[in-house]
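The values are calculated or read from the model by the stated rules, or taken from the named source; none is laboratory data. On a predicted model such as this, the values are computed, not experimentally measured, just so you know. Positions of Cβ are generated from backbone atoms using ideal geometry, with glycine treated the same way; all protein chains shown enter the neighbour counts. Side chains included, ligands, DNA and RNA excluded: accessible areas come from the protein's heavy atoms. Shrake-Rupley method; radii C 1.70, N 1.55, O 1.52, S 1.80 Å.
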Amino acid sequence: RLAGYYLSEGHVDREHYLTFTFHEDEKQYLNDTKALLEKYFEKEVIMGKVRNHGQTITLCSTIAARFFARDFGSTNISKSIPSWMLESSPEHLKELVKGLWCGDGSYDQKRNLFRYNSVTNALAYGFYNALLKLGIPCSINSQKRVSPKQKMYSIIISRIANSLFGAI
């Protein structure tokens, strides 16, 4: 789940700081990320001040920052899900999918539709492949947008799999 949060909401600053930014109202994700960082890295995190409705959480750890940058990428262009993670157990894949969806996913009540959006081709296809490995039927499409916006990739979970996806 922490990897999913990083891929959707995280970045590395100067190879020493692992930072996540969530909307200030996303308290559940803020608290979960804080707990996971403190659990796995045994260090307290720094909670930044709210700016433009964004709340940051920073872990000061060169080892953690370099690990995430090396294995997952550090910018929206370079981020991807490493093959070792896509080959991991279904339990780990479910947590990855949960973290990614909490960051960049949405549910359309009117259409009864779960969707994940990303401007990063590798993340979109990684999410798509993780869902297929979990037996969740889905489709992927892309939409060109007016410059300077980047192409948007959308993964749509098949409605027949809503209960299966919702159980994650």
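Here the label points at residue 151 and residue 89, each 7 Å from Cα along the C-beta direction, are separated by 3.7 nm in the simple model.
Ordered from largest to smallest accessible area (heavy atoms of protein chains, 1.4 Å probe), the residues 153, 40, 116 come out as 40, 153, 116.
Taking 0.36 nm per residue of sequence separation and subtracting the Cα-Cα distance, how much length would be gained by fully extending the chain between residue 40 and residue 78, in nm to one decimal?
Numbers: separation 38, 0.36 × 38 = 13.68 nm, distance 2.41 nm.
Full-extension gain reported as 11.3 nm.
Could you check the simple spin-label distance between residue 160 and residue 15, using points 7 Å along Cα→Cβ, in nm with one decimal? Placing both labels 7 Å beyond Cα along the Cβ direction yields 5.1 nm. Here the relative contact order of the range 10-168, from alpha carbon pairs under 8 Å that lie six or more residues apart, stands at 17 percent.
Could you calculate the contour length gain from residue 115 to residue 52, that is, 0.36 nm times the residue separation minus the distance between their Cα atoms, to one decimal place in nm?
Numbers: separation 63, 0.36 × 63 = 22.68 nm, distance 2.55 nm.
Separation in residues times 0.36 nm, less the Cα-Cα distance, equals 20.1 nm.
Start at zero, step by 5 Å, and the Cα-Cα distances of the chain spread as 2, 8, 17, 21, 20, 17, 10, 5, 1 percent across the bins. In a reduced charge model with +1 at each Lys and Arg Cβ and -1 at each Asp and Glu Cβ, the chain shows a dipole moment near 620 debye about its Cα centre.
Between helix 27-41 and the chain there is an angle of about 60 degrees, using the helix long axis and the longest principal axis of the Cα atoms.
Rolling a 1.4 Å probe across all protein chains gives residue 84 an accessible area of roughly 120 Å².
Over 32 Å between C-alpha atoms is what I'm after, so list which of 49/79; 43/94; 34/144 land there.
Numbers: 49/79 26 Å; 43/94 26 Å; 34/144 35 Å.
Where the Cα-Cα span goes over 32 Å, the pairs concerned are 34/144.
Multiply the residue separation of residue 67 and residue 144 by 0.36 nm, subtract the distance between their alpha-carbon atoms, and state the gained length in nm to one decimal. Mind dumping the intermediate values first?
Working: separation 77, 0.36 × 77 = 27.72 nm, distance 3.25 nm.
Working it through step by step, the gained length comes to 24.5 nm.
Between beta-carbons, use under 14 Å as the cut-off and find the net charge around residue 33, counting Lys and Arg +1, Asp and Glu -1. Could the numbers behind the result be given before it?
Working: positive: 1, 27, 34, 39, 43, 98; negative: 9, 24, 26, 32, 38, 44, 95.
After counting each charged neighbour, the total is -1.
Using a probe of 1.4 Å on the protein chains alone, the accessible area found for residue 89 is around 40 Å². For the chain, the longest principal axis of the C-alpha atoms and the axis of helix 62-72 are separated by about 20°. The dipole here belongs to the range 100-154: it is taken about the Cα centre, uses +1 on the Cβ of Lys and Arg and -1 on the Cβ of Asp and Glu, and is about 220 debye.
Using only the alpha-carbon atoms, how far is helix 121-133 inclined from the longest principal axis of the chain? Give it as 0 to 90 degrees, nearest 10. Compared with the principal axis, the helix lies near 60 degrees.
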